[in-house]
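Colleague: Here's a structure for you.
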Amino acid sequence: MGGVKNRNKVKLPVSKAKQKKAVDKWQKDKGKGAAGPKKQGKLMPTAADPDSNAPSRRPIVFVSPKPADEPSSDEENVSEEEQDEPEDSVPSKLPVLEPVPTDVPDPQLEPNKIKLLKPLIGYFYNGDQLSLKLSFEQAGLLLKPDYDEKTRVFRFRVDMREICRAEGEKNEAHTIAREKLVQIVRYYCYCVKRVKEYHTRRKIFYTRPPKMAVQAQKDQKKIPEQNVGFQMLQKQGWNPGSALGMSMEGIIEPIVAKKRKGKSGLGVEDAVAPDGTEEKVKIPIEAFYLLLKQYAGVNALYDIVFSSQFSKHQVAKLKSFAMSLKLLPQMIGTNKKKLVVSRPLTIKEIKEGVMKGHSDLCAKYVVIPPAAGIPEEDKMLA
């Protein structure tokens, strides 16, 4: 009987760990078989494959704004402190493109030169000033000015091809040739124009409380209406804000007790101690380091603005720290310049973001289509 097998014996179930290992092994064997002896191309990782080794850091992707009912991805990344602060409201339906300009004459370039300028996007700043150097550099085109003193001809060459020319003295010919080149860029190419120096969703950061807060503290020191002396004067016919006395020649504000410094007697100049409310309450600069670090870690396209209260030494520290995080610090303003930290974007990225309706970029930039007309591939987006 010992050699007879028990056929009715029930096998115990396999543990979950062994089941998972078996499934993983089956998937690996299946993948090896697909890429094995058969002559097939290598399997490239796709976005839908969760096992693919995709890069951890992805480029900036512009997404069109969602309706007001659905929260956007930018709003999910904003902390509770940022939600309490006021934001610049931008309408959901934004104009993707400005009207096609009609004041630009046709330069009548050759077709091969028009094809050469196709990747070019002009960048306007400070009103109507076009940055030719930045525009051609980011388009990968070599712009070279050339002046011949014998023939007195000034030329602009793009990749060694002449685009426009002007005759005359060097400075005068350069001005005329530059105007022609600007007309060519406006007629055949898209242009990005900066309409605001900066755009932020957060408050401007200060090193100390503003003067309005100090003034509010002083207003709190005024005698309230519940005061006994205040009520007695009102019963005798006195009105708040008026002077005392029958002829209204007395004092208007009550006498305030002031603290004296040292042991100097009455009548001594500068014997009154300064008010404690005027003491400067400074925020440590490490707090702003943490702010910049958080800003660099999210996909935010608004600017971080620091007021003109920061000293040159503090501004230099903030600049170097922002550059170490691969951010773009700039000093913006005329008299009192502010430090503005933003995310470095190419002109092409700005154009794509505005055309897709990104609220932060639409509040700061506008896209002007070429005067020759919107290309066919972009008419679906307009």
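The values are calculated or read from the model by the stated rules, or taken from the named source; none is laboratory data. This one's a predicted model, so the numbers in the text were calculated from it and none came from an experiment. Neighbour counts are summed over all protein chains in view; Cβ atoms, including those assigned to glycine, are modelled from backbone coordinates with ideal geometry. What goes into the accessible areas is simple: the full protein's heavy atoms, side chains included, and nothing from ligands, DNA or RNA. Shrake-Rupley method; radii C 1.70, N 1.55, O 1.52, S 1.80 Å.
Colleague: Scan the range 154-175 for residues that are among the β-branched types (Val, Ile, Thr) and surrounded by 16 or more Cβ atoms within 10 Å (Cβ to Cβ) and report the count.
Modeller: Final tally of qualifying residues: 2.
Colleague: Can we say Lys118 is among the charged types (D, E, K, R) and touching a Phe, Trp or Tyr at 6+ places or on another chain (Cβ under 6 Å)?
Modeller: Spelling it out, it is not the case that Lys118 is among the charged types (D, E, K, R) and touching a Phe, Trp or Tyr at 6+ places or on another chain (Cβ under 6 Å).
Colleague: Same structure, new question: Can you work out which of the residues in the range 107-150 that are more than 33 Å from the chain's Cα centre (by Cα) and open to solvent by 80 Å² or more (accessible area, probe 1.4 Å) is farthest from Val192 (Cα to Cα)?
Modeller: By that ranking, first place goes to Lys150.
Colleague: Looking at the range 158-166, is at least one residue outside any helix (DSSP H, G or I) and within 34 Å of the chain's Cα centre (by Cα)?
Modeller: Within the range 158-166 (the criterion being outside any helix (DSSP H, G or I) and within 34 Å of the chain's Cα centre (by Cα)), the answer is yes, since at least one residue qualifies.
Colleague: Residues of the range 333-363 being under 24 Å from Met323 (Cα atoms) and open to solvent by less than 20 Å² (accessible area, probe 1.4 Å), which ones?
Modeller: Passing the criteria: Leu339, Val340, Val341, Ser342, Ile347, Ile350, Gly353, Asp360, Leu361.
Colleague: If we keep just the residues of the range 294-324 that are open to solvent by less than 50 Å² (accessible area, probe 1.4 Å) and small (Gly, Ala, Ser), which is nearest to Thr200 (Cα to Cα)?
Modeller: It comes out as Ala300.
Colleague: List the number of the failed condition for Val341; all other conditions in (1) out of contact with any helix residue (DSSP H, G or I) (no Cβ under 8 Å at 6 or more places or on another chain); (2) β-branched (Val, Ile, Thr); (3) in contact (Cβ under 8 Å) with a residue 24 or more places away in the chain; (4) over 26 Å from Leu120 (Cα atoms) hold.
Modeller: (1)
Colleague: Has the range 163-172 got at least one residue that is under 20 Å from Lys351 (Cβ atoms) and β-branched (Val, Ile, Thr)?
Modeller: no
Colleague: Which pairs have Cβ atoms under 6 Å, sit 6 or more apart or on different chains, and link a residue in the range 101-118 that is farther than 16 Å from Phe156 by Cβ to one that is in a loop (DSSP other than H, G, I, E, B) and among the aliphatic types (A, V, I, L, M)?
Modeller: Pro101/Ala371; Val104/Ala371
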